[in-house]
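The values are calculated or read from the model by the stated rules, or taken from the named source; none is laboratory data. Only a predicted model underlies this, so the values are computations on that prediction, with no experimental measurement involved. Glycine also receives a Cβ, built like all others from the backbone with ideal geometry; neighbour counts cover every protein chain displayed.
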Amino acid sequence: MPEWTPETAEAIAREAGIGPLSADHWTVLAHCREDAVRRGFAPCLRRLAELTGLREARIARLFPGSPSALVARVAGLEPPPDLSRDIQGHP
């Protein structure tokens, strides 16, 4: 995988149909990357909500489908090991 940059994130987001990235998107991505550095893996949806102060449903709207996996992908990371906490299709 090529080195991650904000431009890479924008391109991945466009490919996933979620661009352009808003301030809330960038907040989630920044916390995801920081937490992954500390813990060695991308956070699950619940942890992203705790880290960002955003509700899980808000993150699910920002990154639809499998939010944790999509956040990780846009952040240039492998998906979190346990996606069972994702809210799929949550309004």
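Note on the stretch 19-41: among residues that are modelled with pLDDT of 95 or more and outside any helix (DSSP H, G or I), the one that is nearest to V74 (Cα to Cα) is L21.
Listed conditions (1) without any contact (Cβ under 8 Å) to a residue 40 or more places away in the chain; (2) surrounded by fewer than 18 Cβ atoms within 10 Å (Cβ to Cβ) are all met by S22, apart from (1). Taking the criterion of being surrounded by fewer than 15 Cβ atoms within 10 Å (Cβ to Cβ) and of a type outside the set (G, A, S), the residues of the stretch 28-40 that qualify are E34, V37, R38, R39. Residues in the stretch 42-78 that are in contact (Cβ under 8 Å) with a residue 40 or more places away in the chain and not in a helix (DSSP H, G or I) were compared, and the one that is surrounded by the most Cβ atoms within 10 Å (Cβ to Cβ) is F63. Only residues that are in a loop (DSSP other than H, G, I, E, B), under 15 Å from G76 (Cα atoms) and without any contact (Cβ under 8 Å) to a residue 40 or more places away in the chain: list them for the stretch 4-18, please. Matches in the stretch 4-18: T5 only.
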